[in-house]
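The values are calculated or read from the model by the stated rules, or taken from the named source; none is laboratory data. Remember, predicted model here, so these are calculated numbers, not experimental data. Neighbour counts are summed over all protein chains in view; Cβ atoms, including those assigned to glycine, are modelled from backbone coordinates with ideal geometry. The area values use the complete protein model at the heavy-atom level, side chains included, leaving out ligands, DNA and RNA. Shrake-Rupley method; radii C 1.70, N 1.55, O 1.52, S 1.80 Å.
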Amino acid sequence: MAQQTDIRQVSLDASGVTVAFGGFRALTDVTLSITPGAVHGLIGPNGAGKTTMVNVLTGFQAPTGGQVTLGRRDVGVLSAHDLRRAGIARTFQAGRLFTGFDVLDNLAVTGVGLGHSRHASEVEAMRLLDWMGVPHLAEVPAAGLPYTDERRVGIARALMFAPQFLLLDEPAAGMSETEAADLAALINRVASDLGTGVLLIEHNVGLVLSVSDHVYVLDAGQIIEEGDRGVITASRAVRDAYFGADQEAA
Ligand SMILES: Nc1ncnc2c1ncn2[C@@H]1O[C@H](COP(=O)(O)OP(=O)(O)OP(=O)(O)O)[C@@H](O)[C@H]1O
Ligand SMILES: [Mg+2]
């Protein structure tokens, strides 16, 4: 469908975004762009403003200044629910499933919340679990899931009805290296097979660099570097942010 193709061309942009909590600035003049079909990393030390940025891009936090646009549309004023319906989905840093439901229903509830019928939502949920290679999880109670599967189902829930953008807040936290590598492969497939624009926040910098087409580095609320793996790895500013400016290079 031509319209579908057009929608997938649109990028999600933050322009000069500032967020102040009282006198404290969590973000200052942040400009970034999430493009369809690509993985974008967002890294930075604890408290750098990464989650706040995701909150702004998904309608959970109104910016104090600057703009969020989806194509030509100003979406900075929309609610989180409206943004999800507009195709901007996220996971949470410590996201929890509905423990009283099985996995299929956890996904289906999201579909119903988006305005789809229960039947269509269950079909979409099963299709997604198949696509992720975990159809056997469908009838497992969410309360009994191992940690890694719980994180994976959280991502599946965000992927219901093919959002244009997927923002992942530390999805690999607590995972082993092997589990994190599986997750990296999944993230690549989300971008390349579904055409989704992904923003990946992770403390596992190696994972971010291995999977991202473009990486933004936040420190104390400001973008201090951006570029591909080579640029980030070579950056003095990035090293200073992580290890302290007075640290001598080895
Ligand atoms: N609602 C709030 N009110 C006041 N300060 C806040 C609020 N939310 C975040 N902050 C502060 O803003 C700064 C950025 O927080 P944020 O959670 O965005 O950082 P982060 O980069 O996601 O950190 P982490 O790596 O620990 O998850 C921190 O100093 C935090 O304490
Ligand atoms: Mg955070």
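Per this entry, P171 is not counted among residues that are more than 16 Å from ligand 2 (Cβ to nearest atom), open to solvent by less than 30 Å² (accessible area, probe 1.4 Å) and touching a residue at least 24 places away in the same chain (Cβ under 8 Å). Report yes if some residue within region 84-91 is open to solvent by 20 Å² or more (accessible area, probe 1.4 Å), within 16 Å of ligand 2 (Cβ to nearest atom) and among the basic types (K, R); otherwise report no. Yes - at least one qualifying residue is present in region 84-91.
All of A2, A38 fail the test of being more than 25 Å from D240 (Cα to Cα), at pLDDT below 95 and of a type in the set (A, V, I, L, M), apart from A2.
Any residue at all in region 171-192 that's assigned to a loop (DSSP other than H, G, I, E, B), modelled with pLDDT of 95 or more and either β-branched (V, I, T) or within 12 Å of the chain's Cα centre (by Cα) (or both)?
Initially, region 171-192 is screened for residues assigned to a loop (DSSP other than H, G, I, E, B), giving 171-176.
After this cut, where a residue has to be modelled with pLDDT of 95 or more as well, the list is none.
No.
Within region 189-213, the set of residues being open to solvent by 30 Å² or more (accessible area, probe 1.4 Å) and farther than 13 Å from I155 by Cβ comprises S192, D193, H203, N204, V205, G206, S210, D213. When A156, A185 are checked against the criterion of being small (G, A, S), open to solvent by 40 Å² or more (accessible area, probe 1.4 Å) and under 26 Å from K50 (Cα atoms), a single residue qualifies: A185.
Could you list all residues from region 115-137 that are crowded, with 18+ Cβ neighbours inside 10 Å and over 11 Å from V153 (Cα atoms)? Hits for region 115-137 are S121, E122, E124.
Of all residues in region 40-80, those being of a type outside the set (A, V, I, L, M), closer than 26 Å to G115 by Cα and either part of a strand (DSSP E or B) or within 16 Å of ligand 1 (Cβ to nearest atom) (or both) number 8.
The helices (runs of 4 or more DSSP H) located wholly in region 81-168 that include 3 or more residues which are over 23 Å from A191 (Cα atoms) occupy 103-113, 118-131.
A single member of T148, T69 is open to solvent by less than 60 Å² (accessible area, probe 1.4 Å) and farther than 30 Å from V30 by Cα, and it is T148.
Conditions tested, residue by residue: (1) more than 22 Å from T31 (Cβ to Cβ); (2) in contact with a strand residue (DSSP E or B) (Cβ under 8 Å, 6 or more places away or on another chain); (3) of a type in the set (G, A, S).
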{"residue": "A191", "(1), (2), (3)": "no, yes, yes"}
{"residue": "Q222", "(1), (2), (3)": "no, yes, no"}
{"residue": "R236", "(1), (2), (3)": "no, no, no"}
{"residue": "D240", "(1), (2), (3)": "no, no, no"}
{"residue": "F243", "(1), (2), (3)": "yes, no, no"}
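Taking the listed residues V109, V54, V103, the one that is in contact with a helix residue (DSSP H, G or I) (Cβ under 8 Å, 6 or more places away or on another chain), among the hydrophobic types (A, V, I, L, M, F, W, C), touching a residue at least 12 places away in the same chain (Cβ under 8 Å) and open to solvent by less than 30 Å² (accessible area, probe 1.4 Å) is V103, with no other qualifying. If we scan region 30-39, do we find a residue that is surrounded by fewer than 16 Cβ atoms within 10 Å (Cβ to Cβ), among the polar types (S, T, N, Q) and part of a strand (DSSP E or B)? Taking every residue of region 30-39 in turn, at least one turns out to be surrounded by fewer than 16 Cβ atoms within 10 Å (Cβ to Cβ), among the polar types (S, T, N, Q) and part of a strand (DSSP E or B). Being in contact with a strand residue (DSSP E or B) (Cβ under 7 Å, 6 or more places away or on another chain), open to solvent by 30 Å² or more (accessible area, probe 1.4 Å), over 23 Å from F60 (Cα atoms) and at pLDDT 95 or above is a property that V140 has.
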